[in-house]
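Since every read-out is calculated from the coordinates, none of them should be taken as a lab result. Every value quoted in this text rests on a predicted model; they were computed, and no experiment measured them. Backbone-built Cβ (ideal geometry, glycine too); neighbour counts: all protein chains shown.
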Amino acid sequence: MQRGQALMLTLAILVMVAAAAAENRKEYRFTVGPGCTVSITNQYGSIQVRPSGANLVVVSATVYSDKVEVDQNQSGNRVDLESHLLRGATPENARVDYEVLVPSDAAVTLRSTSGPLRAEKLQGDLDLESASAIVEVRDLSNGHLRVKTLNGPVTLTNVHDGFVDVDSVSGEVRLISVTGRLVKVTSTTGAILYDGDFGYTGNYQLSSHSGDIEATIPQDTSAEVQMQSVRGHLEDDVHLAPKAHTSMTQKAGSSFVGTINKAASLVSLKTFSGKIHLKKR
Amino acid sequence: MTCAELRRELPELLEGDPSAKLQAHLVGCGACSELVRNLETIIREARSLQACEEPSPRVWNSIEIALRQEGLIRQPEPKGRAAFVPSLARRWGVAAWLVPSAALVLVGAFLIVGRQPRVEQLPGAESRARVQVTSRVDVTDQQLLEQLALDAPLMKAAYEKELNNVNEYIRDAQNLVDENPNDEGARQSLMDAYGQKAVIYQLALDRSLP
């Protein structure tokens, strides 16, 4: 038995050593000025972006095989990195994981197939594009956030004072404490879940074809809420005050316009065949 | 025999087989006899030309004279009298202006009709038009899926599923617009639906993503 255990342990160590040998960690540093742009394209693997606190872009790329190489380029204030797939690359052996530090006002573009894509504590524009990656963004302010995904789930947390534009064909979109001058989320079959107070100004458009829309709001929310579902139905747990004069045709159970408090923000919740549920926090 | 009749028989004359009438006309008509002489000179000189030699100026003069006598070339028009449609006017007279005039009328009619509000179409016509649009969309979707099958075969099934869902979204939104043509919200829904389709195409065709 002891010999068997020793053999297993030896095998485990050998596997770990082999795996570590296959990994290759590279670091790149770029000095940039204010308002720089950083673009990273990575088919397989994660990309994580955080602020650097300086006029520096620092990229740590972990490459897992020799079937992929990192192409990096700086032209003035523009930094581009791309995972270049070589012959024989597969989704398994072409994986690269990026950890990126950028100036907080940098404009960042991330593109991936498998992801995940993560960004936090930034103030510049952020453009995320993915087929099926998990997208997680938190603690953003002032910038323009643009997310496009085919079926990956999207979670935005604590995003304020900017523009938010999310297109997710079938992935679930979750917004937690997200406010802005314009917040637009469009989905075909994905659900849209909002938890927040819709700010004290702004235009919020959450629409899905067949996905459900659920908004959970506190009692001090100030908004005009337009809810419309052609074939689905509406549930209003907040008991909005009906708005009499409105351009939207109101129909019991499928379209309704109401206000809460001073109606500072304009909120449109629209779905064709999904359910719309306005909940009280 | 008239001069016009002689011109019709010129090939026979030049081949050395003139009719009696033709020969009699040449005796009495100075213009035709000069034409025949010039043409014979051209033929004679042409036989003596070498492959790389430039014809002598006399040959070109003879050709020009013959062409002028045929009416195929004219003296250049004096300045200030350039015709807008010179050759047409000379050939067709007043009728030459009918064609450009008709074209102007047609263009004007097209512009006027184009500015008018859209005439209500028969329901059948609209349905046929929408079916045609749908067919074009389906063909494009098929081309996209075929390309994906080559470039990213693992993703083809996912894209196909999403395309079907989005096409259903577009159809529902279109129906809503048809039922409520003045509803701004319905039109926005249709734009959103097409926007979703655009996202699918963009992700699929992005050459940096497999």
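The table below gives the values:
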{"read-out": "Residue mean of other protein chain beta carbons inside 10 Å, A:125-132", "value": "3"}
{"read-out": "Test item: B:198-206 mean partner chain Cβ contacts at 10 Å", "value": "4"}
{"read-out": "Additional length obtainable on full extension of the chain from A:R87 to A:Y200, 0.36 nm per residue less Cα span", "value": "35.3 nm"}
{"read-out": "Two-site label geometry, A:D139 and B:E12: point separation in nm, points 7 Å out along Cα→Cβ", "value": "10.8"}
{"read-out": "At 1.002 mPa s and 20 °C, Stokes D of region A:216-281 from Kirkwood alpha-carbon radius, µm² per second", "value": "182"}
{"read-out": "HN-Hα J in Hz across region B:150-156 - Karplus 6.51, -1.76, 1.60, θ = phi - 60°, x for Gly and Pro", "value": "7, 8, 9, x, 5, 9, 4"}
{"read-out": "Rule-of-thumb Rg ratio for region A:22-116 [Cα; 2.2 N^0.38 Å; N residues]", "value": "1.04"}
{"read-out": "Interchain or long-range residues, amide H under 5 Å from A:L126's placed H", "value": "A:V108, A:H144, A:L145, A:R146"}
{"read-out": "Counted charge near A:Y200, where neighbours are those whose Cβ lies closer than 15 Å (Asp, Glu -1; Lys, Arg +1)", "value": "-2"}
{"read-out": "Test item: Cα-centred dipole of chain A, Lys/Arg +1 and Asp/Glu -1 on Cβ, debye", "value": "320"}
{"read-out": "5 angstrom amide H check on A:R174, placed H, neighbours 5+ away", "value": "A:V154, A:T155, A:L156, A:L193"}
{"read-out": "A:S268 long-range amide H proximity, modeled H, under 5 Å", "value": "A:Y204, A:Q205, A:L206, A:Q226"}
{"read-out": "Longest segment of chain A lacking GluC sites (Glu not before Pro) that sit in a DSSP loop with at most 16 other Cβ atoms within 10 Å", "value": "A:93-281"}
{"read-out": "Relative contact order of chain A, pairs being alpha-carbon contacts under 8 Å that are 6 or more residues apart, as %", "value": "12"}
{"read-out": "Between helix A:2-22 and chain A: long-axis angle, C-alpha atoms, 0 to 90°, nearest 10", "value": "80"}
{"read-out": "Likely footprinting exposure, B:M1, A:M8, fewest C-beta neighbours within 10 Å first", "value": "A:M8, B:M1"}
{"read-out": "Residue-by-residue Karplus 3J(HN,Hα) for region A:103-117, coefficients 6.51, -1.76, 1.60, Hz, glycine and proline x", "value": "x, 5, 9, 5, 8, 10, 10, 10, 9, 7, 8, 9, x, x, 10"}
{"read-out": "Nitroxide proxy distance, nm - points 7 Å out along Cα→Cβ at B:A4 and B:V27", "value": "2.6"}
